[in-house]
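The block underneath contains the structure these notes are about, expressed in structure tokens.
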Amino acid sequence: MIRRVILLLSALALSGAALAQTPGSTTQWVEGKNYFRIDTPQPPPVPGKIEVTEVFSYACPVCWRFLPYANRIKASLPADAYMDYLPVSFNPVEDFPVFQRAFYAAQALGVEDKTHDAMFKAIHSPGGELATYDAATNRLKNPLPNINDIAKWYAQYGVKPADFVATANSFAVNTKMKRADALVQAYGVDGTPTMVVNGKWRYDMGSAGGPEQVVELTKYLVAREAAALKK
């Protein structure tokens, strides 16, 4: 199956009236319509904790627009839940593989948290140092940013470019990238951004009804998983 990037720009303009499932709401989320059971569930890595995963790419323009909502999800999670990120590589035309590599290098070097939002800005803001599109023509740049370009950007966060490149090309990062690709396939993800809760449930802006609805659906599924943990 050819991987696709979900460019649901219209979903970002949807009002909260499309769906509104929160505790006490009369609207019901429907499995198989709003969210989907993953065929082969992947056990979360932290026992007793609920894992909320954003499947994304730094180079994905819709992920950039979804960033405020992703941050709201992270801030809203209860103590028994946590958020993590799964970078994809399935769109090499827009430089997804190199940014997947950069994510895991930053994670290994301990700078992921303080650079996550800034990396999106560096790619998608006007005049961004790592822009993948030419603002004048709205066409992909040629050449696209490479790992050396990205390493120079991370230098402002105290990481030597040579160390970043070495880490990015390390066995450990290569292993994480292979694991990420395997998880993306196991989750049945074919576009970004996609959300996954506890390795069991998959949904996106299209199925939920918009970005606001993704936030509410996440709360619903987290509460559902929390209740199951208490049984």
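Each reported figure results from applying straightforward, stated rules to the coordinates on display, with no laboratory input. None of these values were measured; they are calculated from a predicted model. Virtual Cβ from ideal backbone geometry, glycine too; neighbours counted across all protein chains shown.
Worth a mention:
- Taking Cα centre as origin and charging only the Cβ of basic (Lys, Arg, +1) and acidic (Asp, Glu, -1) residues, the dipole magnitude of region 73-199 rounds to 200 debye.
- Spin-label pair Arg72/Ala182, simplified geometry with 7 Å Cα→Cβ offset, distance in nm: 3.6 nm
- Helix 171-187 axis versus longest C-alpha principal axis of the chain: approximately 30°, rounded to the nearest ten.
- Mean sequence separation of contacting Cα pairs (under 8 Å, at least six apart), scaled by the length of region 26-115, corresponds to a relative contact order of 27 percent.
- Value of [θ]222 nm, deg cm²/dmol, for the chain, DSSP H segments ≥ 4, -39500 (n - 2.57) each, nearest 500: -13500 deg cm²/dmol
- Anisotropy class of region 51-230 from Cα gyration tensor, a/c 1.5 cut: prolate
- Cα-projected label distance for Asn174 with Lys121, points at 7 Å along beta-carbon direction, nm: 3.5 nm
- Each label point was placed 7 Å from the Cα along the Cα-to-Cβ direction; for Asp134 and Asp113 their separation is 4.1 nm.
- Leading residue at positive end of dipole, region 66-195 (Cβ point charges), from Val184, Met83, Gln100: Gln100
- Region 206-231 residues near the modelled Glu31 label - backbone nitrogen below 12 Å, point 7 Å along Cα→Cβ: 225
- Selected from Ala172, Trp64, Ala226, residue furthest toward positive end of dipole (the chain; charges at beta carbon): Ala226
- When the charge dipole of region 102-224 is built from unit charges on Cβ atoms (+1 for Lys and Arg, -1 for Asp and Glu) and taken about the Cα centre, the candidate among Asn146, Ser207, Val197 whose Cα reaches farthest toward its positive end is Val197.
- Around the Cα centre of the chain, unit charges on the Cβ atoms of Lys, Arg, Asp and Glu (plus for the first two, minus for the last two) sum to a dipole of about 280 debye.
- Cut-off 18 Å (backbone N to label point 7 Å along Cα→Cβ of Leu229), residues of region 163-198: 196-198
- HN-Hα J in Hz across region 111-124 - Karplus 6.51, -1.76, 1.60, θ = phi - 60°, x for Gly and Pro: 10, 4, 4, 7, 10, 4, 5, 5, 5, 4, 5, 5, 8, 10
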